[in-house]
């Protein structure tokens, strides 16, 4: 690495440990991060990103489409066929350049091609830098739900170059802020008092701690899904209708408010704690209610398919001891809270 200023956070997983670099103007250091024995690099990105670091190794660029529809088994097949034609072997490397869609898809391709290739991530969205690129969860969608087919596959390194965020639209920034809002309830309070780089580093440190204690989401790491059960259901219903224009972080923000309302109805928190959720989410300029009409039963059906549900409605909910996994929640109550969500002021 050069002498440029950066923050290095190590995700400590023994022989699967890796650094996350947070700073500015880090793209010139990417070549030195790639292990010396790597022969070729397959870059997976999207055409609108326009970032290709200078590498001393032979490379080929593979473009995937935009939107959640690109996170598909069809895309995985196309990438793997391209890797085979390029002659990629187990000594080579995949480099994902983009947001969560790219890192999820490229990471799953890396986990499956030749039964596992090394891969690195250059995260170019706020959402990816604070959450999606950290932790080794890779997945694609199928019509039955979001992220239902995937693997745990840790990267070799993650680069969070703050300069790459300068071209993000306001909507894309809001998407990342939805995940940042979540971390306010998981040990990173006061984020809005920090610089952007320090906010990103704080979120990465919190997530690294969860990943280190529960790499494969057997227990504690599931808490990182706070707000995501309804969030993923909103995305799944929107994906079906192609009419719901919500970014992931916006859907998660709505999910946070729903989770707070549900926790209150279950007697886990009081009204002041719900108000705190509303203040945090609104402070990031995020939505707190569904911006469209949808049958609550469709959302409940989608939530029942959540990969953490184990056959019953399961949520991560706030409480006196902090957020916890709560199983076997009554669907009738969930339906009532969904209606309350869109009636709250």
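Roughly how many nanometres apart are two label points built 7 Å out from the Cα toward the Cβ at residue 170 and residue 24?
2.4 nm
Please work out the FRET efficiency for the pair residue 265 and residue 56, using the Cβ-Cβ distance as r and a Förster radius of 56 Å; give the result to the nearest 0.05.
After rounding to 0.05, the efficiency reads 0.45.
Mind computing the radius of gyration and Dmax over the alpha-carbon atoms of the range 289-345? Å is fine for both.
That works out to 12.2, 34 Å for Rg and Dmax.
Return one number: the angle in degrees, 0 to 90 and rounded to the nearest 10, between the long axis of the Cα atoms of helix 248-265 and the longest principal axis of the Cα atoms of the chain.
It works out to around 30 degrees.
Using r as the Cβ-Cβ distance of residue 78 and residue 276, and R0 as 45 Å, what FRET efficiency do you calculate, to the nearest 0.05? Please list the in-between numbers first.
Values: r = 45 Å, r/R0 = 1.01.
For R0 = 45 Å, the calculated efficiency reads 0.50.
Roughly what would the spin-label model give for residue 295 and residue 342, points 7 Å off Cα along C-beta, in nm?
Label-label distance for residue 295 and residue 342, simple model: 1.3 nm.
Under the 0.36 nm per residue contour assumption, what length would be gained going from the current alpha-carbon distance of residue 47 and residue 163 to full extension?
Gain on extension, residue 47 to residue 163, equals 39.9 nm.
Rounded to the nearest 10 degrees, what's the angle between the helix 331-343 long axis and the longest principal axis of the chain, both from Cα atoms, 0 to 90?
Once rounded, the angle reads 90 degrees.
Only Cα pairs within less than 10 Å get springs; with that Gaussian network setup on the chain, which residue of 201, 103, 81 has the largest fluctuation?
Among 201, 103, 81, the largest mean-square fluctuation in the Gaussian network model of the chain belongs to 81.
In whole Å, how far is the Cα centre of the range 233-299 from that of the range 67-99?
Using only Cα atoms to place each centre, the spacing works out to 33 Å.
For the pair residue 312/residue 69, report the inter-label distance in nm, with labels modelled 7 Å from Cα in the Cβ direction.
Placing both labels 7 Å along Cα→Cβ, they lie 3.8 nm apart.
Cα axis of helix 170-183 to longest principal axis of the chain: angle in degrees, 0 to 90, nearest 10?
70 degrees
For the range 197-345, what is Rg from Cα atoms divided by 2.2 N^0.38 Å, rounded to two decimals?
Details: Rg = 15.0 Å, N = 149, 2.2 N^0.38 = 14.7 Å.
Scaled against compact globular proteins, the figure is 1.01.
If you rank 134, 142, 97, 300 by fewest surrounding Cβ atoms within 10 Å, what's the result?
142, 300, 97, 134
Arrange 119, 284, 21 by Cβ neighbour counts within 10 Å, fewest through most, would you?
Placing the least packed residue first, the sequence is 284, 21, 119.
Pulled fully out, how much extra length does the chain show between residue 32 and residue 216, if you take 0.36 nm times their separation in residues and subtract their Cα-Cα distance? List each step's numbers first, then the result.
Details: separation 184, 0.36 × 184 = 66.24 nm, distance 2.93 nm.
So the chain would gain 63.3 nm between residue 32 and residue 216.
Need one number for the range 6-168: average projected area of the convex hull over its C-alpha atoms, nm².
8.7 nm²
Report Rg/Rh for the chain, rounded to two decimals, where Rg is the Cα radius of gyration and Rh the Kirkwood radius.
0.96
Compute the Cα gyration tensor for the range 76-201, then decide on rounded, prolate or oblate, letting a ≥ b ≥ c be the square roots of its eigenvalues: rounded whenever a/c is under 1.5, prolate when a/b is larger than b/c in the other cases, and oblate in all that remain.
Numbers: a/c = 2.21, a/b = 1.86, b/c = 1.19.
Judged from the Cα gyration tensor, the range 76-201 comes out prolate (a/c at least 1.5, a/b above b/c).
Every read-out reported here was derived from the displayed coordinates using simple, explicitly stated rules and does not represent laboratory data. Fair warning: this is a prediction, and the values are worked out from it, not measured in the lab. Backbone-built Cβ (ideal geometry, glycine too); neighbour counts: all protein chains shown.
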